[in-house]
Amino acid sequence: MTSIINDVFLKTLLRERTPYTPVWIMRQAGRYLPEYRKTRKQAGSFLDLCKNKDFATEVTMQPLERYPNLDAAILFSDILTVPDAMGLGLYFEEGEGPKFKNPLQDEKAVQKLDIPDVEEKLSYVFNAVKSIKEALKNRVPLIGFSGSPWTLATYMVEGKGRTDFLKIKQMLYSRPDLINHILKINTETVTKYLACQIDAGADVVMIFDSWGGALAHSEYESHSLNYMKVIISNLNLLGYQDVPKIIFTKGGGQWIEAQANSGADALGVDWQTDLGPARKLVNNKVALQGNLDPAILLSNPKSIEAAVKRVLDDYGYGEGHIFNLGHGITQFTPPENLQALLETVRNYSAKYHQE
Ligand code: 1CP
């Protein structure tokens, strides 16, 4: 294994001693940065940006160049590359978010769905991982990622983002066999996808279950968590047991104990969850990552400093906390406000890591 110069994030994932609380920010590369908007314009579309390894490397590195206090890099790509590789035809309409030309809205479409040739169809992602690793020169670890089988299925069935989930829930409650088929295909594809990202150089992998919180209590474990568990155990069986794995169910705070028994090394926690009680519930089984409300970054450095301290106080003394937002940074964040967050984490957290 190569040695990473700043290994504070890796150590924290294993709940080992560190001098301070590590931090990275979900969607740290993105539209709130003027340098991102410039590269995005040069590249053309968002997908062009993802598919060109030089552009993907450039935008991954942008937040690290601007903010020396970041303790991890995350691959610049998207969770929707997977359904795109399955032939669903991903496209972005300006200002409207992602859409699919061929969503899975009838039995025939679902039955035709198959595991794609991941190595070939998604080779641009693995080439980006290799190129980013070279650019990083081992400064900080690189996070690879995927959507969860359930979250990917919501986009595949609904055909677009941010919906009421009625199409997929109708299918779930009336044709569970079709949903289970989609979830099984997604699980095998994601396992392969993450394995290839690790082979290309990803040091950590994270599964984004952004819409797991839309599931009813009775359906969360059976339709989201259990499939994430299968991915984790399959990766372990394939020999990737030493690569730390993070799962994050947005809106999933009430299922934290079940998540702690999933085999993941760390759990993402959103801002509706109280970090102190969550820490007691996971009982040293996993690290916790989160959980500042991203909207606080729309305020001012003084309010941000107080809110960051509150999150660090909520977790308290000892190891196993990775500071992050409770969801992605918004495009309206003034970049200097993120600087205030990062400085406060670094300076204030040291007291929680002393003997
Ligand atoms: O420039 C643009 O117009 C594109 C905006 C954008 C960006 C910057 C999209 C479209 N995706 C991304 C990058 C991205 N997406 C990253 C890498 C950047 C980084 O973290 O630094 C990652 C990890 C993602 C993951 C992702 N994409 C998730 C999971 C995390 C989360 O936020 O919940 C989800 C749900 C998506 C889908 C998606 N892609 C893009 C958008 C706008 C969306 C959300 C669509 C919706 O409303 O449902």
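Read-outs throughout are calculated quantities, based only on the coordinates presented, and are distinct from any laboratory measurement. Owing to the predicted nature of the structure, the values given are computational and were not obtained by experimental measurement. Glycine also receives a Cβ, built like all others from the backbone with ideal geometry; neighbour counts cover every protein chain displayed.
Structural remarks
- DSSP-defined beta bridges in the chain - what % are antiparallel, rounded to 5: 15
- Cβ-based net charge around Y20, under 14 Å, with every Lys or Arg adding one and every Asp or Glu removing one: 0
- Once the chymotrypsin sites (Phe, Trp or Tyr not before Pro) in DSSP loops with at most 16 neighbouring Cβ atoms within 10 Å are cut out of the chain, the longest remaining piece is 1-164.
- Nearest-0.05 FRET efficiency for A258 and A306, computed from C-beta distance (R0 25 Å): 0.15
- Here is the list for the range 5-112: trypsin sites (Lys or Arg not before Pro) lying in DSSP coil, each with at most 13 other C-beta atoms within 10 angstrom of its C-beta, are R17, K101.
- Annotation note: GluC sites (Glu not before Pro) in the range 81-133 located in DSSP loop regions with a Cβ neighbour count of at most 16 within 10 Å are E94, E96.
- Listed by number, the DSSP H helices of the chain that run 18 Å or longer by alpha-carbon position along their axis and have mean Kyte hydropathy of at least 0.0 are 123-136, 176-200.
- The Cα center of the range 189-232 and the Cα center of the range 268-318 differ in position by 23 Å.
- For the residue pairs K167/K192; K99/K169; K101/K167, the alpha carbons lie more than 24 Å apart in K167/K192.
- Neighbourhood charge, 10 Å Cβ-Cβ cut-off, centred on Q331 and excluding it, Lys, Arg +1 and Asp, Glu -1: +3
- Other residues lying with their Cβ under 10 Å from the Cβ of G252 contribute a combined charge of -1, Lys and Arg counting +1, Asp and Glu -1.
- Exceedance of the 29 Å cut-off in Cα-Cα distance is limited, within the set K130/K351; K11/K229; K41/K130, to K130/K351.
- Note: relative contact order over the range 239-340, using C-alpha pairs below 8 Å and six or more positions apart, is 27 percent.
- Residue-by-residue Karplus 3J(HN,Hα) for the range 244-257, coefficients 6.51, -1.76, 1.60, Hz, glycine and proline x: x, 10, 10, 10, 9, 9, 5, x, x, x, 7, 10, 4, 5
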